[in-house]
Amino acid sequence: MCVTRFLHLADIHLGRQQYGVPQRATDAKLSFQHALSQVSAEDADAILLPGDLFDSRDVRPETLASVEDVLADVEVPVIVSPGNHDQNMSRRRDLTWLQYLNNKGLITLLSADFADDRASFAPTDVESSREGGGGYVDLETDEGTVRVFGVQYRGAYMERQISAVVDGIEAVNAAEGEPAATVVLAHFGVDDAVPDLGATVSVASLTPLMDAVDYVALGHIHKRYEVENVYNPGSLEAFSVQEGRWDDAHGYYVVDAADWSADHRVSKRRPYVTVEFDVSGYRTFDDLRAAFEDAVRDEQGRVERVCGKVEFQAGDGSRRDPIVNLRLTGTLLLDHVAFDVDALRDIAEETLEALYVQPTDNTERKAIQELLGDIDRDEAFAADGTVNTDALQERVFTTLAEESRYSTAADDVASTLDELEGLVTEDGAGVGEAASYLRERRRELFPDGVGEPGETNEAAAAEGGEAE
């Protein structure tokens with residue numbers, strides 16, 4: 001067959017039941033099915049899928065049956081390399097589910113052989129894949145042979161194995177003849193492009209591979225990005241609140257083999273919506289709930305506008321119930337027990353006709369605020385709104401030291417309390433060991449006894465101090 005255009009998609013995660021909701025597993029299947037249905041409309045001749053077809057190495061029977069049905073309707077080669085969710089990097093199985101699909105002729109599985117820091121690629125054929133899959137496949141195009149290589153997930157090893165991959169590709173091309181173009185499928189992230197998202201390879205380390213091939217088809221990071229001839233389409237579905245906020249970051253590429261240009265298409269997926277509510281000022285839960293009901297009703301129009309976007313609609317154009325991130329903020333005056341987050345979640349779910357509501361409690365307790373006093377907000381609270389317990393502990397210990405008879409060395413006393421806490425909680429010190437540590441520190445800090453500057457040992461002892 002002659003290949004002129006590819007669809008490049010990744011990170012399907014079939015079988016994932018996000019939040020334990022069965023519909024989310026169906027969503028992953030539907031987004032995959034819709035992308036594959038675009039083969040004819042996009043005039044594509046093959047599909048590139050670099051990893052995480054499945055969400056787990058232990059695939060449910062219903063998930064396997066559904067993917068077999070979906071792939072059976074695809075009339076072009078589906079070329080797949082394994083991701084970290086598809087197979088265990090350290091404990092390889094004799095037969096994975098990707099190999100099973102390969103042996104049934106539903107996909108063409110490509111995977112390099114790594115041994116002694118070398119990468120080798122065995123040949124395969126889209127019409128008669130060898131059992132278990134090969135390392136590369138040749139496809140014919142109007143421009144000549146396109147050689148497609150597959151590299152499985154290698155985790156933290158990937159950056160230092162780039163040179164081995166390049167050597168393996170060059171060895172095949174030297175033995176089999178130079179192709180018109182070379183493509184590699186791999187499952188890793190480029191750190192410079194998407195920092196803080198679990199990426200492991202730098203652009204500098206990746207440069208030899210970018211120079212050796214015409215198109216690098218990546219998966220693994222669920223957010224779309226591009227670096228020269230490196231393309232990562234993002235997952236088809238959004239699988240977290242954070243991913244749900246990424247506009248135009250989920251989808252697939254349509255790749256033209258004539259010039260290796262790639263156009264991104266957004267995928268059909270379930271909508272995410274964030275609804276915020278400030279709990280400040282409410283002294284009873286009834287008052288808070290009434291205000292919350294009004295606030296959620298006010299959000300209905302905005303939620304419907306989001307759900308009305310084409311990419312979030314079902315295949316027949318109907319509404320898909322959103323996933324709602326309910327973000328609770330502000331200073332909570334209520335007792336924690338009286339703050340019924342589940343009740344608020346139920347109100348939001350019913351009012352907004354949501355598939356699921358995920359609460360995020362970023363509220364601050366008034367008592368904690370008062371205790372933290374003038375501690376900087378960024379120091380006192382983590383990014384997700386939870387209390388920074390280390391900062392809180394430091395504040396408590398400092399307050400105790402400053403307001404005690406040990407105030408002449410408040411910083412040192414606070415540090416001693418902090419070290420004592422670690423000695424007990426982390427090192428498992430007993431009462432005797434803790435007491436011994438305190439006696440030693442007291443001798444160091446107060447060799448003349450405890451008291452105000454210039455105060456005699458007898459005066460300190462009269463107030464309950466103890467001269468050593």
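The values are calculated or read from the model by the stated rules, or taken from the named source; none is laboratory data. Nothing here was measured: the structure is a model prediction, and the numbers come from that model. Cβ atoms come from the backbone with ideal geometry, glycine included; neighbour counts cover every protein chain shown. These accessible areas exclude ligands, DNA and RNA; they are computed on the full protein's heavy atoms, side chains included. Shrake-Rupley method; radii C 1.70, N 1.55, O 1.52, S 1.80 Å.
Below are the figures for this structure:
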{"item": "Residue 167 being among the charged types (D, E, K, R), open to solvent by 50 Å² or more (accessible area, probe 1.4 Å) and at pLDDT below 95", "result": "no"}
{"item": "Selected residue [out of contact with any Pro (no Cβ under 7 Å at 6 or more places or on another chain) and either more than 30 Å from residue 228 (Cβ to Cβ) or small (Gly, Ala, Ser) (or both)] from 336, 250", "result": "336"}
{"item": "Per-region count, the stretch 39-71, residues assigned to a loop (DSSP other than H, G, I, E, B), touching a residue at least 60 places away in the same chain (Cβ under 8 Å) and in contact with a Leu (Cβ under 7 Å, 6 or more places away or on another chain)", "result": "2"}
{"item": "Residue in the stretch 353-361 that is closer than 25 Å to residue 266 by Cβ, over 24 Å from the mean Cα position of the chain (by Cα) and open to solvent by 70 Å² or more (accessible area, probe 1.4 Å) present", "result": "yes"}
{"item": "Criterion (within 25 Å of residue 252 (Cα to Cα) and over 29 Å from the mean Cα position of the chain (by Cα)) met by exactly one of 112, 72, 25", "result": "72"}
{"item": "Count of residues meeting criterion [open to solvent by 30 Å² or more (accessible area, probe 1.4 Å) and acidic (Asp, Glu)] in the stretch 237-256", "result": "3"}
{"item": "Test: residue in the stretch 224-236 that is open to solvent by 10 Å² or more (accessible area, probe 1.4 Å), within 18 Å of the chain's Cα centre (by Cα) and within 22 Å of residue 266 (Cβ to Cβ)", "result": "yes"}
{"item": "Subset of the stretch 5-38 (residues that are in a loop (DSSP other than H, G, I, E, B), surrounded by fewer than 24 Cβ atoms within 10 Å (Cβ to Cβ) and among the aliphatic types (A, V, I, L, M))", "result": "21"}
{"item": "Top-ranked residue in the stretch 46-60 [being under 21 Å from residue 78 (Cα atoms) and surrounded by fewer than 19 Cβ atoms within 10 Å (Cβ to Cβ); ranked as modelled with the lowest pLDDT]", "result": "57"}
{"item": "Strands (runs of 3 or more DSSP E) completely within the stretch 117-229 that count 1 or more residues being in contact with a Ser or Thr (Cβ under 7 Å, 6 or more places away or on another chain) and within 26 Å of residue 46 (Cα to Cα)", "result": "136-141, 144-150, 181-187"}
{"item": "Residues satisfying the stated conditions in the stretch 273-307, i.e. under 14 Å from residue 363 (Cβ atoms), within 29 Å of the chain's Cα centre (by Cα) and not hydrophobic (A, V, I, L, M, F, W, C)", "result": "276, 278"}
{"item": "Qualifying residue in the stretch 107-115 (condition: open to solvent by 60 Å² or more (accessible area, probe 1.4 Å) and assigned to a loop (DSSP other than H, G, I, E, B))", "result": "no"}
{"item": "Test: residue 273 is within 30 Å of residue 341 (Cα to Cα), of a type in the set (Val, Ile, Thr) and in a strand (DSSP E or B)", "result": "yes"}
{"item": "Pairs, first modelled with pLDDT under 95 in the stretch 315-327, second assigned to a strand (DSSP E or B) and β-branched (Val, Ile, Thr), C-beta under 7 Å, six or more apart", "result": "none"}
{"item": "Single condition residue 259 does not satisfy, out of (1) open to solvent by 60 Å² or more (accessible area, probe 1.4 Å); (2) at pLDDT 95 or above", "result": "(2)"}
{"item": "Close pairs from the stretch 171-190: first over 30 Å from residue 222 (Cβ atoms), partner part of a loop (DSSP other than H, G, I, E, B) and not hydroxyl-bearing (Ser, Thr, Tyr), Cβ under 6 Å, at least 6 apart", "result": "172/121; 180/143"}
{"item": "Test for residue 435: is it modelled with pLDDT of 70 or more, open to solvent by less than 50 Å² (accessible area, probe 1.4 Å) and in a helix (DSSP H, G or I)", "result": "yes"}
{"item": "Answer from 319, 265, 327 - the residue that is basic (Lys, Arg), open to solvent by 40 Å² or more (accessible area, probe 1.4 Å) and either farther than 30 Å from residue 193 by Cα or in a helix (DSSP H, G or I) (or both)", "result": "319"}
{"item": "Test result for residue 310, surrounded by 12 or more Cβ atoms within 10 Å (Cβ to Cβ) and at negative phi", "result": "no"}
{"item": "Meets criteria (open to solvent by 10 Å² or more (accessible area, probe 1.4 Å) and more than 30 Å from residue 22 (Cα to Cα)) for residue 217", "result": "no"}
{"item": "Criterion (in contact with a helix residue (DSSP H, G or I) (Cβ under 6 Å, 6 or more places away or on another chain), of a type in the set (Gly, Ala, Ser), in a helix (DSSP H, G or I) and at pLDDT 90 or above) met by exactly one of 348, 343", "result": "348"}
